[in-house]
1. Exactly one of these conditions fails for residue 67: (1) part of a loop (DSSP other than H, G, I, E, B); (2) in contact (Cβ under 8 Å) with a residue 24 or more places away in the chain. Give me its number.
2. If the requirement is being surrounded by fewer than 12 Cβ atoms within 10 Å (Cβ to Cβ) and modelled with pLDDT under 80, which of these qualifies: 140, 108?
3. Looking at (1) part of a loop (DSSP other than H, G, I, E, B); (2) in contact with a strand residue (DSSP E or B) (Cβ under 6 Å, 6 or more places away or on another chain); (3) under 25 Å from residue 174 (Cβ atoms), can you tell me which one residue 62 breaks?
4. Kindly indicate whether any position in the stretch 18-34 is crowded, with 19+ Cβ neighbours inside 10 Å, touching a residue at least 60 places away in the same chain (Cβ under 8 Å) and outside any helix (DSSP H, G or I).
5. If you go through the stretch 149-172 one residue at a time, do you hit one that is assigned to a helix (DSSP H, G or I), farther than 23 Å from residue 37 by Cβ and either in contact with a helix residue (DSSP H, G or I) (Cβ under 9 Å, 6 or more places away or on another chain) or modelled with pLDDT of 80 or more (or both)?
């Protein structure tokens, strides 16, 4: 029997280890890799070509929604299943717009996660019952707000720069991580601010949190280290 190959992407090592143990115990599933941030998730997906990526949303360097969008564009044969502690409509809508095949809460029972993996890899969509009920109601009422699905007009690289700014990285550090010049980073930052009609970094950071580019939880965890990052 051909196994379903899975890449686990979550910034918590203990969670990844527990999930790997759960999945590797199944005869039809094999965990082939792990990633601790969104950028690595995209790179490992391109390298390993798994059937499925289990993706957290709140991750450093590149959030799960943008990572999922890149995977859908660059490795379309790989499905993405979101497994997150966030279940608000904005996160779900953005994830669907990014091309994910399913969305589960981290509180989901193991049997439901296993079913989701198998269903998604069979070509079906799978959502936690609570999320599915809300989606069905919204779609039935034809009130799904397309304008709120993605941040307005920003390119993929601009979104990435905005996230890194919100996480406290300096222009020099961003240039090193993205292997571009500081001038290029500043160009992307200014273009993003112009498109959003934002004129200072503090407001840009608030935008990143409120729009879901950066999740509130990891942002608050990182603020104490901003000085160290900028040094």
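1. If we test residue 67 against (1) part of a loop (DSSP other than H, G, I, E, B); (2) in contact (Cβ under 8 Å) with a residue 24 or more places away in the chain, just (1) comes out false.
2. On the way: 108 fails: surrounded by fewer than 12 Cβ atoms within 10 Å (Cβ to Cβ).
Of the residues listed, the single one that is surrounded by fewer than 12 Cβ atoms within 10 Å (Cβ to Cβ) and modelled with pLDDT under 80 is 140.
3. Here residue 62 clears every test but (2).
4. yes
5. In the first step, residues of the stretch 149-172 are kept if they are assigned to a helix (DSSP H, G or I); the result is 156-166, 171-172.
Adding the requirement that they be farther than 23 Å from residue 37 by Cβ leaves none.
Scanning the stretch 149-172 turns up no residue that is assigned to a helix (DSSP H, G or I), farther than 23 Å from residue 37 by Cβ and either in contact with a helix residue (DSSP H, G or I) (Cβ under 9 Å, 6 or more places away or on another chain) or modelled with pLDDT of 80 or more (or both).
The values are calculated or read from the model by the stated rules, or taken from the named source; none is laboratory data. What you are looking at is a predicted structure, and each value in this text was computed from that prediction instead of being measured. Cβ sites come from the backbone with ideal geometry, for glycine too, and all protein chains shown count toward neighbours.
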